[in-house]
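Engineer: Handing you a structure now.
Read-outs throughout are calculated quantities, based only on the coordinates presented, and are distinct from any laboratory measurement. Model, not experiment: these values are computed from the prediction. Cβ atoms come from the backbone with ideal geometry, glycine included; neighbour counts cover every protein chain shown.
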Amino acid sequence: MSPATPGGSLLVLALILPVAAMLVAFVLGGRAAERLALAALGLGALLAMLVAAAVYRAGAPLAYAVGGWAPPLGLALRADGVTAAMLLTAALVLLAVALFGRTGHATPPGLAEARAPFAFWCFLLALSAALAAAFLGGDLFNLFVALEMLTFAALALACLEGKPSQFRSELRYLLFALIGSVLYLLGTVLLYGGYGTLDIALLAGRARADAPTLLAAALMTAGLAAKMALFPLHLWLPPAHAGAPPAASAVLSGLVVKASFVLLLRLWFWVMPPLAAAAAAPLLAALGAAAILAGSLVALRQARLKLLVAYSTVAQIGYLFLMFPLALAGDAEVAARAWLGGILQASSHAFAKAAMFLAAGLIAGALGHDRIAALGGAGRAVPVCVVAFGLAGLSLMGIPPSGGFTAKWLLLTSAVATGQWWWALVIVGGGVLTGGYVYRVLAGSLTAPPVTDAPIGDAPLPAAASRGPQLVALALALVSVGLGLLPLASFGLVQVGRLGAAP
Amino acid sequence: MTGSQYLLLASFGAPLGLLIACLWEAPRRRLPGLLWLAPLPALAAALLAADGPPLVLDPARLRFTLALDAPSALLLGAVALLWSAAGAYAHGYLGGKPGARRFALWWLVTLSGSLGVFVAADLVSFYLAFALVSLPAFGLIVQDGTPRARRAGEVTLLLAVLGEVALLLGFALLGDAVPGPSLAIADALAALPDSPARSMVVGLLVAGFGLKAGLVPLHVWLPLAHPAAPMPASAVLSGAIVKAGIIGLLRFLPPDAADWGGVLAGLGLATAFWGVGCGITQDNPKTVLAYSTVSQMGVTVAALGMGLALAVPGTAMAVAFYAAHHVLAKGALFLAVGVGAVLGGARRRTLVLLPALVLALGFGGMPGTGGALAKAAVKPQLGDGLPGLLAALSAMGSTLLMLHFTRRLAAVRPAAARSVPILAPVLLAAWLGMAAAALLLPWALYRPLGLGNPWDVLGKDLAMALWPVLAGALLAIALARWGGRLPRVPEGDLLVLTGRAGGLGEAIGAAVARLEAALRAWPVAGMALLALILALFGTMLAAAR
């Protein structure tokens, strides 16, 4: 592979833009940080589109060698189809979250600078930079650094308000993520010892099925699974979401776990010896299936809206793991379908889940609580939010037409085509359970508000939220649904650069 | 694209277009008054575009196909007519009530799906249309907002989702059986006989479509939902929406499925008698009608099954004709219940009860009615031997059930329902128009559709046609006299058995929640992480050896 391709400078820009914006914002401070963040994230979305267009047009991965040094000596930035798709997803979700944050995280009038808003905008930029690094990096150690940056940026966003209860749950997240990082790092050390390089493209096809390599793969996979909250390693995810502000939850659930997912794909489809990967893939998928069923069942029994959405993430992450045995076992055509299904699930879940968390936050804000049993009146107070929640729910359930449906249909047909029909049952079973918890929320919000005989002033009446943030949630939900309206051929993008894919 | 292809697109595109127009305030305000217009392109398509060239977009991969064969066109026309009449009726019935606009939105979504299933010719569009006719019907059922309507809506939604699941799995297997990238239904059916999963596919499809058509034991949603919905919604639920199941069975059962034909015939006949047995113990005329729908769909499926088992040519058209009569007559009778609830005096007898009695007897096959022609159309399938005898007995049962309905309709006192204080003329016109269509259209269409000369039917075997009606009438008299001693069957009969299943589900949920809480403890999670590493390493090492 040539060290740099035309369009490679786009990758540098995509990485440098958020980093530079963060540094400048940190220096300028206050209101400037907000304006700068919005501009940088808007530009970032534009850049992500350009990268996707360039990859699609070239039909081959873009690459850039930093400083002109080719790996293994230098570091490479690479963008293949997965990178382009996830970069675009992340850029759009981040832009939406930034627009959403303009009301909740604005610097209060009369102040030049306030701690929480300033931190929000700076760390949002940091998160954007870390995500770009995680998607573009072509080197296992660089990716480790990107994941660490990501964890810390997400952590800071999650405990923005500085409440003690937040610190307790975020500490749990931090500890578990660090354990995952240590395992991952151990794996990279083993790989470096064996091959003298950590560049993914160089490792691809070179990895031997000997004990150190396989141990490295096992350690790294477990570490990444812990960071992705794969059942039963999900202990950190529900509490981390319970106290976090909606914008933080949206990026944490929608994007941060997806960075680990992309890294896991790199590990399993590029680095690991294919035979060993195919043998261990059912194990991952079995955990994914357990996540789908258990996560959905537990979500169905939650009393609080935010926890319901958080457990829904535990379940939806499970679908991502179903693609491993399907994409590794089948023939080329089935593998391409399963691959697309997995990536599309990651992308449509990012949009849908971000929409759900933002909508849930607005609903909780309007009602003053987020107990599901007492959601009555939400339909009148924040109707757009309830519609957004419902649309996102349709995508999560897999009702056509929606991105979630296309993703699950692809996984379903791949499961059938490879004779692994038990995954198909899990997919549809999860869909039914998802329908159950989405229905609980929607039916609750559409009932009339409870008539309280408490004196006025005791129980806060549902207050109408401002329109802008509601529309942001709706737009995210619409994107998630709209992904299902695109013809399948236009998803050829995500196949670019996949090993074993027809050129 | 030719004109007929435009009509195919417009048949379900018109309601969707109206729906999009509702993004603006002015059309949204006028929407309830425009509902009757939305199905008219579909009616035109049924008349003009039958057997025309299919519309194929993305022909290289056959991803999106619309087509309309003659049996589908017949059903599409009948269904569009009912939706139009019921739409006009809905405007008069709900008028300016709060929620009329919301009702109109649900109405349009369901309508587009209900029409779409008849023209969709590839797996994905059919699935999409079927989902649109199944799931949004929830909004029509819960319109009144009563706890009863909500429960009916929830049961319907749950069962509809389960039906969707069965279909999704069936379609996935079907799509896998096709060698190329095509998703056209015709290609899938051509590939099905060689598929190793054939019986599983057919079983899943029968479950999914049978649920929509109300086959026992999957019919439980029907007698709950149809009475709970507002009158015009009941009419389309019972008349039009259940036909999505019938068209599915017609379209997806492979012609060589003789083995499944017997199964379907058995299920259908059992359903036919089950509906009668439960229906005669009901007091609410709408519930009686809903059980009659169950029974009639049983006869329809039985005719289809026998046609498959005996390989009778022209079965699809005969079954479509029988079902189309049911669309018109059953839709009309539901509208009659609404009119009967407000019209008093002598006009009540001449304008409601008398036409209703004629339609009711038509379901038993009273010679001269449209129903008699419908029965004659499926004679080749259900004519001889044991099935013939059972079909005649079910006709007797239908007569009994429908006379029971007429009695319950007569017993509804106008004062009892205050929801519609004055009778809008449009209600009466819609009801009488549909009643006339149910009586006359079968006469007009019998010969053009190639089923024979309708006058021959009248002359032939008068005694054979009359005895089920007379015997049913005698039974109806007996029912009127001693019916009070019959045990009451609750609406949704078999549903009472599911209470225990609900408890089981609750127990499973609680157990999973306890397990999950235990897994969230730090030591357990640490052990799980370690176990995952070892398991991954072990599996890969074993594979490498």
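Engineer: May I ask for log10 I(q)/I(0) of the protein assembly as shown at q = 0.06, 0.08 Å⁻¹, from a Debye sum over the Cα atoms as equal point scatterers with solvent left out?
Structural biologist: Summing over Cα pairs of the protein assembly as shown leads to -0.49, -0.83.
Engineer: Please work out the Cα convex hull volume for the stretch A:27-154 and give it in Å³ per residue.
Structural biologist: Values: hull volume 13.8 nm³, N = 128.
Measuring per residue, one finds 108 Å³ for the Cα hull of the stretch A:27-154.
Engineer: Another one. Give me the distance in nm between label points sitting 7 Å out from Cα along the Cα-to-Cβ direction at A:LEU275 and B:LEU37, one decimal.
Structural biologist: 7.0
Engineer: How big is the dipole moment of chain A about its Cα centre under a simple scheme where the beta carbon of each Lys and Arg is +1, that of each Asp and Glu is -1, and everything else is neutral? Debye, nearest 20, please. Walk me through the intermediate numbers first.
Structural biologist: Values: 25 positive and 14 negative charges, 80 e Å.
It comes to approximately 380 debye.
Engineer: Enter the angle in degrees (range 0 to 90, nearest 10) between the Cα long axis of helix A:140-158 and the first principal axis of the Cα atoms of chain A, meaning the one along which they spread out most.
Structural biologist: With both axes taken from Cα atoms, the answer is about 10 degrees.
Engineer: If you average the alpha carbon positions of the stretch B:180-233 and of the stretch A:237-301, how far apart do those two centres end up, in angstrom?
Structural biologist: Value for the Cα centre distance between the two parts: 34 Å.
Engineer: From Cα pairs below 8 angstrom and at least 6 apart in sequence, can you work out the relative contact order of chain A, rounded to a whole percent? Mind showing how you got there, number by number?
Structural biologist: Values: 933 pairs, mean separation 77.9, N = 503.
In percent, rounded to a whole number, it is 15.
Engineer: What is the helix-to-structure angle for A:274-300, meaning the angle in degrees between its Cα long axis and the longest Cα principal axis of chain A, kept from 0 to 90 and rounded to the nearest 10?
Structural biologist: 10
Engineer: While we're looking at this one, here's another question. Tell me which chymotrypsin sites (Phe, Trp or Tyr not before Pro) from the stretch A:35-87 have a DSSP coil assignment and no more than 14 other beta carbons within 10 Å of their own. Walk me through the intermediate numbers first.
Structural biologist: On the way: sites: A:TYR56, A:TYR64, A:TRP69; in loops: A:TRP69.
Here the sparse-neighbourhood loop sites are A:TRP69.
Engineer: Under 5 Å between amide hydrogens, which residues at least 5 positions from A:ASP139 or on another chain qualify, with H placed 1.01 Å from N in the peptide plane?
Structural biologist: When sequence neighbours closer than 5 places are left aside, the close amide H contacts are A:ILE200.
Engineer: Still on this model: Helix B:198-213 against the longest principal axis of chain B: what's the angle in degrees, Cα atoms only, rounded to the nearest 10?
Structural biologist: Here the helix axis deviates by roughly 50 degrees.
Engineer: Output wanted: per-residue J couplings in Hz (rounded whole) for the stretch A:76-93, from phi through Karplus 6.51 cos²θ - 1.76 cosθ + 1.60, θ = phi - 60°, x for Gly and Pro.
Structural biologist: 10, 9, 9, 9, 9, x, 4, 4, 4, 5, 6, 4, 5, 4, 4, 5, 5, 5
Engineer: Ok, one more. Give the Rg (one decimal place) followed by the Dmax (whole number) of chain B, computed from C-alpha coordinates and expressed in Å.
Structural biologist: Reported Rg and Dmax, both Å: 24.6, 92.
Engineer: Is the shape of the stretch B:76-184 rounded, prolate or oblate, going by the alpha carbon gyration tensor and its root eigenvalues a ≥ b ≥ c, with a/c under 1.5 for rounded and a/b larger than b/c for prolate?
Structural biologist: oblate
Engineer: How high is the relative contact order of the stretch B:260-489, in percent, counting Cα pairs under 8 Å that sit 6 or more residues apart?
Structural biologist: In percent, rounded to a whole number, it is 28.
Engineer: Also, quick follow-up: Between A:ALA20 and A:ARG208, what is 0.36 nm times their sequence separation minus the Cα-Cα distance? Round to one decimal in nm.
Structural biologist: On the way: separation 188, 0.36 × 188 = 67.68 nm, distance 4.04 nm.
Extra length from A:ALA20 to A:ARG208 when fully extended: 63.6 nm.
Engineer: OK, next. Would you grab the residues whose amide H sits under 5 Å from the one on B:ARG520? Only those 5+ places off in sequence or on another chain, please, with H modelled 1.01 Å from N.
Structural biologist: Answer set, sorted by chain and number: none.
Engineer: Sticking with this structure for a sec: Between B:ALA190 and A:MET49, what FRET efficiency comes out of the Förster formula 1/(1 + (r/R0)^6) with R0 = 60 Å and r the beta carbon distance, rounded to 0.05? Show your work: numbers first, answer last.
Structural biologist: Working: r = 42 Å, r/R0 = 0.71.
According to the calculation, E is roughly 0.90.
Engineer: Grab the beta carbon distance between B:LYS97 and B:ALA26, set R0 = 22 Å, and tell me the FRET efficiency rounded to 0.05.
Structural biologist: Working: r = 20 Å, r/R0 = 0.92.
FRET efficiency, B:LYS97 to B:ALA26: 0.60.
Engineer: Let me ask something additional. Hey, what do the phi angles of the stretch B:7-15 turn into as Karplus ³J(HN,Hα) couplings, whole Hz, using 6.51/-1.76/1.60 and θ = phi - 60°, x for Gly and Pro?
Structural biologist: Once θ is set to phi - 60°, the couplings for the stretch B:7-15 become 5, 4, 5, 6, 4, 9, x, 4, x Hz.
Engineer: Follow-up question, since we're still on this one. Lys pairs in the protein assembly as shown, Cα-Cα under 18 Å, at least 8 apart or on separate chains: how many?
Structural biologist: 15
Engineer: Could you tell me whether the stretch A:56-97 comes out rounded, prolate or oblate from its Cα gyration tensor? Rule is a ≥ b ≥ c as square roots of the eigenvalues, rounded for a/c under 1.5, then prolate if a/b exceeds b/c, otherwise oblate.
Structural biologist: Numbers: a/c = 3.67, a/b = 1.81, b/c = 2.02.
Cα axes put the stretch A:56-97 in the oblate bin.
Engineer: Further, regarding this structure: Compute the FRET efficiency between B:ALA542 and B:ALA507 as 1/(1 + (r/R0)^6), taking r as their Cβ-Cβ distance and R0 = 35 Å, and round to the nearest 0.05. Walk me through the numbers on the way to the answer.
Structural biologist: Working: r = 38 Å, r/R0 = 1.08.
Between B:ALA542 and B:ALA507 the formula returns 0.40.
Engineer: Average partner chain C-beta neighbours within 10 Å, per residue of A:202-215?
Structural biologist: Values: counts 0, 0, 0, 0, 0, 0, 1, 5, 2, 4, 0, 2, 8, 5.
Going residue by residue through A:202-215 and averaging, the value is 2.
Engineer: Give the share of C-alpha pairs in each 10 angstrom bin for the stretch B:267-319, from 0 to the last occupied bin, in whole percents, shortest bins first.
Structural biologist: Over the stretch B:267-319, the share of Cα pairs per 10 Å bin runs 29, 39, 22, 9, 0 percent.
Engineer: Obtain the nm distance between the two label points defined at B:LEU158 and A:ALA39 by a simple spin-label model: each point lies 7 Å from its Cα along the Cα-to-C-beta direction.
Structural biologist: My value for the distance between the label points is 5.7 nm.
Engineer: Across the residues of B:132-143, average count of Cβ atoms on other protein chains within 10 Å? Kindly include the intermediate steps, with their values, before the conclusion.
Structural biologist: Numbers: counts 3, 0, 0, 3, 0, 0, 2, 0, 0, 0, 2, 0.
Taking the mean over all residues of the peptide, I get 1.
Engineer: Given N residues in the stretch B:392-545, what is Rg(Cα) / (2.2 N^0.38 Å)? Before the final figure, lay out each step's value.
Structural biologist: Working: Rg = 32.0 Å, N = 154, 2.2 N^0.38 = 14.9 Å.
Its radius of gyration relative to the 2.2 N^0.38 Å reference: 2.14.
Engineer: Still on this structure, I have one more. Please give the peptides B:107-115, B:357-365 ranked by average Cβ packing (other Cβ atoms within 10 Å per residue), highest first, as a rough proxy for protection. Intermediate results must be reported in sequence, preceding the final value.
Structural biologist: Details: B:107-115: 27.6, B:357-365: 25.4.
So the peptides B:107-115, B:357-365, ranked by packing, come out B:107-115, B:357-365.
Engineer: Packing-wise, with mean Cβ within 10 Å as the measure, how do B:79-89, A:377-387 rank, highest first? Don't jump to the answer; show the numbers that get you there.
Structural biologist: Working: B:79-89: 27.9, A:377-387: 21.4.
Peptide ranking by packing, descending: B:79-89, A:377-387.
Engineer: At 0.36 nm per residue, and after removing the present C-alpha to C-alpha distance, how many nm does the segment from A:ARG115 to A:THR103 gain when stretched out fully? Don't skip to the end; give the middle numbers.
Structural biologist: Details: separation 12, 0.36 × 12 = 4.32 nm, distance 1.56 nm.
Using 0.36 nm per residue and subtracting the Cα-Cα distance, I get 2.8 nm.
Engineer: Now for a different question. Hey, can you grab everything whose amide H is under 5 Å from the amide H of B:ASP122? Only 5+ residues off in sequence or another chain; H modelled, so Pro and N-termini drop out.
Structural biologist: Placed amide hydrogens put B:THR65, B:ILE185 under 5 Å from B:ASP122.
Engineer: With labels modelled as points extended 7 Å from the Cα through the Cβ direction, what inter-label distance (nm, one decimal) is found for B:ASN284 paired with B:ASP259?
Structural biologist: Going from the B:ASN284 label point to the B:ASP259 one covers 4.2 nm.
Engineer: Next question, about the same structure. Taking neighbour counts of Cβ atoms within 10 Å as a proxy for exposure, in what order, fewest first, do B:LEU47, A:LEU478 appear? The partial results should precede the final answer.
Structural biologist: Details: B:LEU47 13, A:LEU478 18.
Neighbour counts put them in this order, fewest first: B:LEU47, A:LEU478.
Engineer: Let me ask you something else. When B:ILE241, B:ILE508 are ordered from fewest to most other Cβ atoms inside 10 Å of their Cβ, what list results? All intermediate terms of the calculation are to be shown ahead of the outcome.
Structural biologist: Working: B:ILE241 27, B:ILE508 11.
Going from least to most buried by this count: B:ILE508, B:ILE241.
Engineer: Next question, about the same structure. In the stretch B:264-394, with Lys and Arg counted as +1 and Asp and Glu as -1 at Cβ, which of these residues, B:PRO380, B:MET297, B:GLY345, has the Cα nearest the positive end of the dipole, that is, farthest along it?
Structural biologist: Final value for the positive-end residue is B:GLY345.
Engineer: Here's something else I'd like to know. Return the tail of the calculated pair distribution for the stretch B:260-489, meaning the percent of Cα-Cα pairs more than 28 Å apart.
Structural biologist: On the way: 7398 of 26335 pairs.
Tail of the P(r) past 28 Å holds 28 percent of the pairs.
Engineer: Quick one: what are the phi-derived ³J(HN,Hα) couplings along the stretch B:385-402, Karplus 6.51/-1.76/1.60 with θ = phi - 60°, whole Hz, x for glycine and proline?
Structural biologist: So the J values, rounded to whole Hz, are x, 4, x, x, 5, 5, 5, 5, 5, 5, 5, 4, x, 4, 4, 4, 5, 6.
Engineer: Once you average over the residues of B:512-522, how many Cβ atoms of partner chains fall within 10 Å of each Cβ?
Structural biologist: On the way: counts 8, 6, 0, 4, 12, 2, 1, 7, 9, 1, 4.
Shielding by partners across B:512-522 averages 5.
Engineer: Let me ask something additional. Before rounding to the nearest 500, sum -39500 (n - 2.57) across all DSSP H runs of length at least 4 in chain A and divide by the residue total; then give [θ] at 222 nm in deg cm²/dmol. The partial results should precede the final answer.
Structural biologist: Details: 19 runs with 355 residues, N = 503.
The per-residue figure over chain A is -24000 deg cm²/dmol.
Engineer: Given B:GLY450, B:ALA45, B:ALA511, which one lies farthest toward the positive end of the charge dipole of chain B, if we put +1 on the Cβ of every Lys and Arg and -1 on the Cβ of every Asp and Glu?
Structural biologist: My answer, from the dipole projection, is B:ALA511.
Engineer: Taking the Kirkwood radius as the inverse of the mean 1/r across Cα pairs, report the Rg/Rh of the stretch B:135-215. Can you show the working numbers first?
Structural biologist: Working: Rg = 16.2 Å, Rh = 14.1 Å.
Ratio of gyration radius to Kirkwood radius: 1.15.
Engineer: What ranking do A:224-230, B:18-24 get when scored by the average of other Cβ atoms within 10 Å per residue, highest first?
Structural biologist: By packing density, highest mean first, the sequence is A:224-230, B:18-24.
Engineer: Same structure, new question: Would you work out the relative contact order for the stretch A:316-420, in percent, from Cα pairs under 8 angstrom that are 6 or more residues apart?
Structural biologist: On the way: 120 pairs, mean separation 38.3, N = 105.
Reported as a whole number, the value is 36 percent.
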